[in-house]
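Some notes on the structure that comes next.
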Amino acid sequence: MNGWQRFALLILCCFTVMVLYPDFGPAGWTFLGMVFAMWTGVIVVLAVISNLFGLYKLEAINKLISFVLLCGMMYSLLWYFPQEDHVTPINKIKYGEIPTKADVERGLKRFTFNFDFVRRNARRKENFINQDLDSDQVKKAIKKQVSEKTDDLIDAIQIEAE
């Protein structure tokens, strides 16, 4: 494997862990950024060393290096990937909490775009994205909210006038 293939392996490992364990918050994205930076540096150093010593010609050593790199990436992701419940993925696996189909679906939903777009809503002034709304009900709800706010404002003005 060359450096680009190892970098693709890094992306695949991160994507897999994010899909299998989707209960990460903003700390998860920060952690992944740091993991990408660290492992990209390791991949670059390994590529330079393998080119320097000609290790790319020896297929067995190249496969061994890639396997060790894969194990190191998965180790760092599973042991340190932050979760909202403060239990790392490896501890969840250790205690028998393996990812379910619902976890995988939630994880994949984070990486998908909702293509259920109603085109007629794009041409209207309101431009409600991904919603098929009844305009009469929306107008009634808006009028109700406006009338409640104006009633509250009138009551406040009358109290100050006294």
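List of remarks:
- Proximal lysines relative to residue 101, as straight alpha-carbon distance under 18 Å, when same-chain residues fewer than 8 apart are discounted: 92, 109
- Separation of the residue 147 and residue 61 label points, Cα + 7 Å toward Cβ, nm: 8.3
- Sequence-distant lysines (8 or more away, or on other chains) whose Cα lies within less than 18 Å of residue 140: 125, 149
- Scanning the chain for long hydrophobic helices, with DSSP H runs required to stretch 18 angstrom or more by C-alpha along their axis and to average at least -1.0 on the Kyte-Doolittle scale, returns 3-20, 26-53, 59-80, 135-161.
- A straight line joining the Cα centroids of segment 63-85 and segment 9-62 runs 8 Å.
- Electrostatic bookkeeping for residue 71 treats Lys and Arg as +1 and Asp and Glu as -1; over the other residues with beta carbon under 15 Å from its beta carbon, the sum is +2.
- Among the listed options [x] 1.11; [y] 1.63; [z] 1.75, the one matching Cα Rg over 2.2 N^0.38 Å as calculated from these coordinates is [z].
- Net charge in the neighbourhood of residue 25 (other residues with Cβ under 15 Å of its Cβ; Lys, Arg +1, Asp, Glu -1) is -1.
- With each label modelled as a point 7 angstrom along the Cα→C-beta vector, the residue 5-residue 91 pair spans 3.7 nm.
Read-outs throughout are calculated quantities, based only on the coordinates presented, and are distinct from any laboratory measurement. Note that the coordinates shown come from a computational prediction; the quantities given were computed from them, not determined experimentally. Reconstructed Cβ throughout: ideal geometry from the backbone, glycine too, with neighbour counts over all protein chains shown.
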